[in-house]
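Below is one structure, written out as structure tokens; the observations come after it.
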Amino acid sequence: MHAIRAAVVLSLFAVLSVQAGERTYRWKDDKGRIHYSDLPSKKGERVEIKPGSRIQAPAKDSPEAIASRQLECQRKKDQLTVYSSSAEINETDSLGRSRAYSAEEKQQLVERTRQQMETLCKTVGASIAAAADDEKAE
């Protein structure tokens, strides 16, 4: 039993020492893009990557995805305008039953819609800015 435990511990140390010996280099190319490699580069500098951390490039949005989110942002803005300017809000469920929102419920709906709109439109703005930066880099 002690022999098995010792073998497991030694194996663990071997794996950790191999990982600790790995080197990662980072450099920026002529277009301003950042690269990582295990091979040194003339422009590169050695960087320390902590175990368990990952280097992940941000996902790029397609023009169609950006346009779709812009449309959804505009829909939320329109929805907020309607909710805010309505004297009362009535909701009809799938069975055809109608109910009127109280003043407090209307205010909560307006606030919830405003938060959704701000979050959605903020991500659209960030996507447009990132796409513009990508075009400049190319």
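The values are calculated or read from the model by the stated rules, or taken from the named source; none is laboratory data. Quantities reported herein were computed from a predicted structural model and do not represent experimental measurements. Cβ placement follows ideal geometry from the backbone for every residue including glycine, while neighbour counts extend to all protein chains displayed.
Of everything in the stretch 71-104 that's acidic (D, E) and modelled with pLDDT of 95 or more, which residue is nearest to T123 (Cα to Cα)?
By that ranking, first place goes to D78.
Would you check which residues across the stretch 82-107 are surrounded by 12 or more Cβ atoms within 10 Å (Cβ to Cβ) and of a type outside the set (A, V, I, L, M, F, W, C) and list them?
Those that are surrounded by 12 or more Cβ atoms within 10 Å (Cβ to Cβ) and of a type outside the set (A, V, I, L, M, F, W, C): Y83, S84, S86, Y101, E105, K106, Q107.
Please list, ordered by first then second residue, the pairs with beta carbon atoms under 8 Å, 6 or more apart or interchain, first in the stretch 23-40 and in contact (Cβ under 8 Å) with a residue 60 or more places away in the chain, second surrounded by fewer than 12 Cβ atoms within 10 Å (Cβ to Cβ).
K31/A137; K31/E138; G32/A137; R33/A137
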